[in-house]
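Each reported figure results from applying straightforward, stated rules to the coordinates on display, with no laboratory input. If you're wondering where the values come from, they're calculated on a predicted model, not measured in any experiment. Here the Cβ is made from the backbone with ideal geometry for all residues, glycine too, and neighbour counts use every protein chain on show.
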Amino acid sequence: MAARLILNADDFGLTRGINRAIAELHAAGALTSATLMANGPAFDDAVDIAKANPGLGVGCHIVLTDGTPVSPPETIPSLVGADGKNFRPNVTDFFLAALRGKLSAGEIQHEALTQIQKLQRTGINVTHVDTHKHTHVLPRIALPLLAAAENAGVRAIRNPFEERWSLALGNSPLITRLKLRILHSLRPRFFALPQIRDRRILTTDGTIGISATGSLDATTLRTFIDALPDGLWEMVCHPGYNDRELDAVTTRLRETRETEREALLTVFGSNSLNPSVPHLIHYAELTHSTNP
């Protein structure tokens, strides 16, 4: 199979500056997909943009850490932090709670389904799901997440694992590469989950760019594309505008969002005129063209 690539921007709905960058990149042929945060402060603006750009695949960026739940907090007590209102603000605390068995699978499924359905109620066809901070890399998070997706009729999910060839190109700190290599050992368990194993919910061969988050410039992006093997891949990115609205949001990605926006425009803009660019798709095209 020749290389096919999904260009997906995370954090759709976080700020209007991020939403504007996603709309501009899609119009320039430099973005095919985005995942919308049901609890994002700029959710309504993102919905308007999604409806005005029907060629943009829109998934649900499910948030289980570092944010506010869509469900009433009292209905998901194992997922909220010490304040009893918001998710745990630290992803390490979330992972530790998950590994210690302190997170309710039923509550994860309920909150994930609530977030997906919030998008669907606006009329958006949710093409796939992924998670903020890639929390579904843990099988005990992925399993209820897949159940929620299946319940909502969503037939695709991000493969949260970055292949070793991509890790080597990500220009990331050594500690980041080591963490991602360790997490890669969970990949066989992800593909053994019933929905994935039986192809009731589809995924890609792997995700590119996780290791490059915060350092994805045009040079690094070109390196990824030049090395892309045959198969189906997703490029994860976080483009946006570093404006006052972003200043009010808790995120480590600020100036780098503009760097990523420029990188995508440079490498893919105006359909890129670059003969090495692979065939670009979004997740709805995957599920429409692949038999379950």
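From the Cα gyration tensor of the range 4-289, with a ≥ b ≥ c the square roots of its eigenvalues, which class applies: rounded if a/c is under 1.5, or else prolate if a/b is larger than b/c, or else oblate? Numbers along the way, then the final one.
On the way: a/c = 1.38, a/b = 1.25, b/c = 1.10.
Note, shape of the range 4-289 comes out rounded.
Tell me, His136, His279, His238 in order of fewest to most beta-carbon neighbours within 10 Å?
Details: His136 27, His279 10, His238 21.
Listed from fewest to most nearby Cβ atoms, that is His279, His238, His136.
Tell me which lysines have Cα within less than 23 Å of Lys85's Cα, excluding those fewer than 8 residues away on the same chain?
Output for Lys85: Lys102, Lys118, Lys133.
Taking the alpha carbon gyration tensor of the range 96-139, what are the square roots of 5 times its eigenvalues, largest first, to the nearest whole Å?
Numbers: eigenvalues 116, 30, 8 Å².
After diagonalising the Cα gyration tensor, the semi-axes are 24, 12, 6 Å.
Given H placed 1.01 Å from N in the peptide plane, which residues other than close sequence neighbours of Ile62 have an amide H under 5 Å from its amide H?
Hits under the 5 Å cutoff: Asp130, Thr131, His132.
Mind listing which trypsin sites (Lys or Arg not before Pro) in the range 1-97 are in a DSSP loop and have 14 or fewer other Cβ atoms within 10 Å?
Numbers: sites: Arg4, Arg16, Arg20, Lys51, Lys85; in loops: Lys85.
Qualifying residues, ordered by number: Lys85.
For the range 203-258, rounded, prolate or oblate, judged on the Cα gyration tensor with a ≥ b ≥ c (square roots of eigenvalues), a/c < 1.5 rounded, else prolate if a/b > b/c?
prolate
Around Leu280, which amide H atoms from residues at least 5 apart in sequence, or from another chain, sit under 5 Å from its own amide H, with H modelled in the peptide plane?
Leu5
Provide Thr131, Thr213 in ascending order of the number of other Cβ atoms located within 10 Å of each residue's Cβ, fewest first.
Details: Thr131 24, Thr213 19.
Taking fewest neighbouring Cβ atoms as first place, the list is Thr213, Thr131.
Plugging the Kirkwood radius over Cα pairs into Stokes-Einstein for the range 1-146, at a temperature of 25 °C and a viscosity of 0.890 mPa s, what D comes out in µm²/s? Walk me through the numbers on the way to the answer.
Numbers: Rh = 15.7 Å.
After rounding, the answer is 157 µm²/s.
So what is the calculated 222 nm ellipticity per residue for the chain, using -39500 (n - 2.57) for each DSSP H run with n of 4 or more, over all residues, to the nearest 500 deg cm²/dmol?
-12000 deg cm²/dmol
Give me Leu280, Leu221, Leu31 sorted ascending by neighbouring Cβ count inside 10 Å, so fewest comes first. Could you put the intermediate results ahead of the total?
Working: Leu280 19, Leu221 23, Leu31 30.
By the 10 Å Cβ count, ascending: Leu280, Leu221, Leu31.
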